[in-house]
Amino acid sequence: MSARERLLHMLLFEVIALSLTIIGLIIFSDIALYSALKTMIVISLIAMVWNYLFNLAFDQIYRGAREKRSLKLRVLYVLVFESGLVILTTPVMAYILQISLMEAFILDIGITLFIMLYTLVFNYCYDHLRLKVINSRETQSPLSQA
């Protein structure tokens, strides 16, 4: 993937994840809208940087067609990515929400469980839609009609 496409992937992922997570925090906890919004925006910014760096490394290690990645590899991706993110975000969440590290860790684990499933579904859909777009562009190319 090009840097431009990585940026699109990251932004789409984060906007959808941010929206769903804020809604979930408001529904399933006693966190106020402003606190949920502030916390998740900071967490999202951390996640975007982590996402970009992690994906650069992951794609260097696991080369080949992204849409052909196995379910096992996709699950490994999610587990490693989210574990690193919990390590980065739990202290930040505790600080912003003025809660203990343990409370933040438990909250972060809940968010992470949701995001793990979301990550798996989002990346599977993105990779397959990406392939359709690429194939569509190739069949519509003036060179392919000559």
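Quick note: the coordinates plus some simple rules give every number you see, no bench work behind them. All of these numbers come straight from a predicted model, not from anything done at the bench. In this analysis, Cβ positions are derived from the backbone assuming ideal geometry, glycine residues included, and neighbour counts consider all displayed protein chains.
Cross-link partners among aspartates and glutamates for K132, C-alpha distance below 17 Å, same-chain residues fewer than 8 apart left out?
E5, E67
If a/c stays under 1.5 just call it rounded; otherwise compare a/b with b/c (prolate if a/b is bigger, oblate if not). Do that for the stretch 3-132, with a ≥ b ≥ c from the square roots of the Cα gyration tensor eigenvalues.
Verdict is prolate for the stretch 3-132.
When D30, D127 are ordered from fewest to most other Cβ atoms inside 10 Å of their Cβ, what list results?
Fewest-to-most ranking of D30, D127: D30, D127.
Rounded to the nearest 20 Debye, what is the dipole magnitude of the stretch 3-132 about its Cα centre when Lys and Arg each give +1 and Asp and Glu each give -1 at the C-beta?
Once rounded to the nearest 20, the dipole reads 660 debye.
At what distance in nm do the modelled label points of V121 and R69 sit from each other, each positioned 7 Å from its Cα along Cα→Cβ?
In this crude label model, V121 to R69 measures out at 1.8 nm.
Taking a label point 7 Å from the Cα of S29 along the Cα→Cβ vector, which residues of the stretch 107-130 have an amide N closer than 18 Å to it?
Residues passing the 18 Å test: 107-118.
Going by average Cβ density within 10 Å per residue, which order do the peptides 109-116, 4-11 take, highest to lowest?
By packing density, highest mean first, the sequence is 109-116, 4-11.
Which whole-number percent is the relative contact order of the stretch 3-132 (Cα, under 8 Å, 6+ apart)?
28 percent
Only counting other Cβ atoms within 10 Å, I'd like Y62, Y77, Y34 sorted with the fewest neighbours first.
By the 10 Å Cβ count, ascending: Y34, Y62, Y77.
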